[in-house]
Amino acid sequence: MKTIILAGGFGTRLSEYTDIKPKPMVEIGGQPVLWHIMNIYAYYGYKDFLVALGYKGEVIKEYFLNYYALKSDFTVNLANGNVDYLQKKTVDWKVSLIDTGLNSLTGGRVKRLKKYVGNETFMLTYGDGVANIDIQKLVEFHKSHGKMATITAVRPAARFGELLMSDDQNVISFQEKPQTTQGWINGGFFVLEPEFFDLINNDRTVLEEDPLERAAEAGELKAYLHDGFWQCMDTVRDRNVLEDLWQTNQSPWKVWNDSR
């Protein structure tokens with residue numbers, strides 16, 4: 001099963017980093033957040049990726065073209081240009097890097113990848129969010145209900161401490177930045193049937209508007225409830241939260257081993 005990763009947006013709310021690189025290439029623990037996302041899928045055996053490029057897509061292309069050089073020790077013979085790898089870290093991923101237009105919106109980027117997906121069930125997620133989600137259980141849930149689309153619903157961490165108070169304003173409990181109990185939001189990590197492409201009109205279609213709204217109205221959209229860790233990387237603050245978790249070995253999304 002192929003996995004589409006949306007990696008073409010401008011990332012304007014993270015401009016401190018995205019002036020020089022696309023948001024999926026902003027690093028957590030010295031590795032692009034895109035790499036972290038791909039490792040989550042690969043851990044569960046899903047290693048065929050379609051990366052939808054747009055803004056500064058050449059940075060992502062260069063990263064994967066030089067993937068082994070960046071992660072391995074090697075000797076270069078300058079007389080003939082031959083490269084001998086002294087220690088080569090390999091991964092068995094297939095990564096297709098596809099330009100989906102500089103100004104395409106999220107739905108338009110997905111539509112442009114239809115010919116690469118074919119008539120098969122596929123997965124889709126954003127290039128800026130990580131979670132300790134069990135991808136295999138997500139896929140099994142999708143297959144069990146027989147609908148066109150599955151969206152992962154998450155409850156993000158609260159930005160501030162959460163107070164529970166009595167009517168006379170006594171604080172009953174205090175939790176420092178817990179997982180919010182205020183409702184579910186779109187967390188990405190979709191599983192979709194190929195018919196979903198027919199709900200997308202063109203490059204100006206926003207995935208989160210017409211296509212998903214139409215799927216819901218038709219009774220073809222189910223939610224997979226993920227009550228565990230989830231964090232997007234919209235701002236510098238979000239990036240710093242993820243970096244701190246990684247550096248303190250408290251990164252819940254890291255399900256793979258360190259050999260990658």
Of all residues making up region 181-218, the number that are farther than 23 Å from F141 by Cα and of a type in the set (A, V, I, L, M, F, W, C)
2
Of these, K56, K115, K61, which one is out of contact with any strand residue (DSSP E or B) (no Cβ under 7 Å at 6 or more places or on another chain), closer than 27 Å to E208 by Cβ, at pLDDT 95 or above and surrounded by 13 or more Cβ atoms within 10 Å (Cβ to Cβ)?
K56
For region 195-211, name all the residues that are modelled with pLDDT of 95 or more and touching a strand residue (DSSP E or B) at 6+ places or on another chain (Cβ under 7 Å).
F196
I'd like to check something: does region 224-247 contain any residue that is farther than 26 Å from T18 by Cα, in a helix (DSSP H, G or I), among the charged types (D, E, K, R) and out of contact with any Ser or Thr (no Cβ under 8 Å at 6 or more places or on another chain)?
no
Within region 5-42, tally of residues that are in a helix (DSSP H, G or I), crowded, with 18+ Cβ neighbours inside 10 Å and out of contact with any Leu (no Cβ under 9 Å at 6 or more places or on another chain)
10
Residue pairs within 9 Å by beta carbon, gap of at least six or interchain, first lying in region 20-45 and touching a residue at least 40 places away in the same chain (Cβ under 8 Å) and on the phi > 0 side of the Ramachandran plot, second surrounded by 18 or more Cβ atoms within 10 Å (Cβ to Cβ) and outside any helix (DSSP H, G or I), listed first then second, are G29/S251; G29/K254
All positions within region 69-98 that are of a type in the set (G, A, S) and either surrounded by 12 or more Cβ atoms within 10 Å (Cβ to Cβ) or assigned to a helix (DSSP H, G or I) (or both)
A69, S72, S96
Can you find even one residue in region 168-178 that is under 30 Å from K2 (Cβ atoms), modelled with pLDDT under 95 and either in a loop (DSSP other than H, G, I, E, B) or not aromatic (F, W, Y) (or both)?
no
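The values are calculated or read from the model by the stated rules, or taken from the named source; none is laboratory data. Computed from a prediction, not measured in an experiment: that's the story for all the values here. Here Cβ is always computed from backbone atoms with ideal geometry, including for glycine, and neighbour counts include all displayed protein chains.
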